[in-house]
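My questions will all concern the structure given below.
The values are calculated or read from the model by the stated rules, or taken from the named source; none is laboratory data. Predicted model only: the values in this text are computed from it and were never measured. Cβ coordinates were reconstructed from backbone atoms using ideal geometry, including for glycine residues, and neighbour counts include every protein chain displayed.
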Amino acid sequence: MESYNEFAPFYDRFIRPVDYSARARYFDALLKPMLGEGRLMLDLACGTGSLSVEMARLGYEVIGVDGSQEMLAYAQQKAYEADLPIRFFHQRMERLNLGGSVDCCVCALDSLNHITESKNLRRALMRVAAHLLSGGVFLFDLNTPYKHRMLLADHCYCYEDGDTLCIWQNHTEGLLTEIDLDFFTEQRDGKYLRTGESFEERGYELDEIRRMLAECGLDLIALYGDDTLLPPTEETERWIFVTKKGE
């Protein structure tokens with residue numbers, strides 16, 4: 001993901017409320033039965049580092065990777081303030097190159113939906129598989145086609161936080177959603193400074209993801225809906241994939 005540059009200063013204020021501590025515990029509960037003593041984790045598309053910090057607090061040795069240098073600057077500051085030895089690297093998901101292997105990888109909050117071409121998503125999955133130790137676990141989520149068609153769609157949202165107003169506009173054709181963000185921040189003279197960010201997300205059909213995983217040597221162990229331990233339904237907004245590299 002190479003967007004989220006202008007968005008970086010506003011991300012933690014305007015992204016929908018996320019309980020990162022609860023999400024970390026959820027991932028930890030999925031990982032523990034499968035990992036044994038392995039604790040070296042890659043947080044892929046780590047953004048501003050909130051999940052990286054929470055996973056580190058649970059005892060994981062975390063490496064964070066993101067395609068936005070601006071987002072990583074906030075992640076590094078959070079790790080410093082929490083006094084946690086998290087290493088961060090600026091890399092695109094489909095060009096991941098850590099120079100070593102990890103026990104597990106997580107990729108959260110629809111980050112993989114930002115890869116809008118199937119060939120590039122397959123490359124990203126292949127790079128993750130290449131970095132996992134034999135038997136390593138990869139947890140990731142995806143916004144579902146239902147969410148793209150019904151909830152993102154062509155909707156417009158307005159958010160206000162303190163001195164800043166955010167206008168969030170979606171335009172969806174098929175499973176491709178174009179997202180335009182405009183931020184209006186009040187200045188000392190009472191005028192407003194306008195900044196903006198545009199990016200795209202794509203929904204993927206489940207059969208296509210299953211095929212990619214198989215091609216990359218990742219076994220699909222479980223599929224859950226919306227951060228639960230329940231199977232997804234036709235109205236599930238987010239799929240949670242639990243995969244394992246073949247031994």
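Just one of (1) in a helix (DSSP H, G or I); (2) touching a Gly at 6+ places or on another chain (Cβ under 6 Å) trips up C46, so point out which.
All conditions are met except number (1).
It is to be established whether one or more residues within region 130-151 are out of contact with any His (no Cβ under 9 Å at 6 or more places or on another chain), buried (at least 16 other Cβ atoms within 10 Å of the Cβ), of a type in the set (A, V, I, L, M) and not in a strand (DSSP E or B).
No, region 130-151 contains no residue that is out of contact with any His (no Cβ under 9 Å at 6 or more places or on another chain), buried (at least 16 other Cβ atoms within 10 Å of the Cβ), of a type in the set (A, V, I, L, M) and not in a strand (DSSP E or B).
Scan region 217-239 and give yes if some residue there is over 23 Å from T144 (Cα atoms), β-branched (V, I, T) and in a strand (DSSP E or B), otherwise no.
Looking for residues that are over 23 Å from T144 (Cα atoms), β-branched (V, I, T) and in a strand (DSSP E or B), one finds none in region 217-239, hence no.
Restricting attention to region 186-226, which residues are modelled with pLDDT under 95 and over 18 Å from the mean Cα position of the chain (by Cα)?
Within region 186-226, E186, Q187, R188, D189, G190, K191, Y192, L193, R194, T195, G196 meet the criteria.
If L181 satisfies every condition in (1) surrounded by 13 or more Cβ atoms within 10 Å (Cβ to Cβ); (2) without any contact (Cβ under 8 Å) to a residue 24 or more places away in the chain but one, which is the exception?
Among (1) surrounded by 13 or more Cβ atoms within 10 Å (Cβ to Cβ); (2) without any contact (Cβ under 8 Å) to a residue 24 or more places away in the chain, the lone unmet condition for L181 is (2).
Okay, residues lined up against (1) assigned by TED's automatic domain parsing to the domain that holds S111; (2) polar (S, T, N, Q); (3) under 30 Å from G36 (Cα atoms); (4) in contact with a Cys (Cβ under 9 Å, 6 or more places away or on another chain):
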position	(1), (2), (3), (4)
D161	no, no, no, no
C166	no, no, no, yes
K191	no, no, no, no
T195	no, yes, no, no
I209	yes, no, yes, no
P231	yes, no, yes, no
E234	yes, no, no, no
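Which residue, of A108, A75, A130, A79, is of a type in the set (A, V, I, L, M), within 19 Å of I209 (Cβ to Cβ) and free of Cβ contacts under 8 Å to residues at least 40 places away in the same chain? Write out each step before concluding.
Numbers: A108 fails: free of Cβ contacts under 8 Å to residues at least 40 places away in the same chain; A75 fails: within 19 Å of I209 (Cβ to Cβ); A79 fails: within 19 Å of I209 (Cβ to Cβ).
A130 is the lone residue from the list that is of a type in the set (A, V, I, L, M), within 19 Å of I209 (Cβ to Cβ) and free of Cβ contacts under 8 Å to residues at least 40 places away in the same chain.
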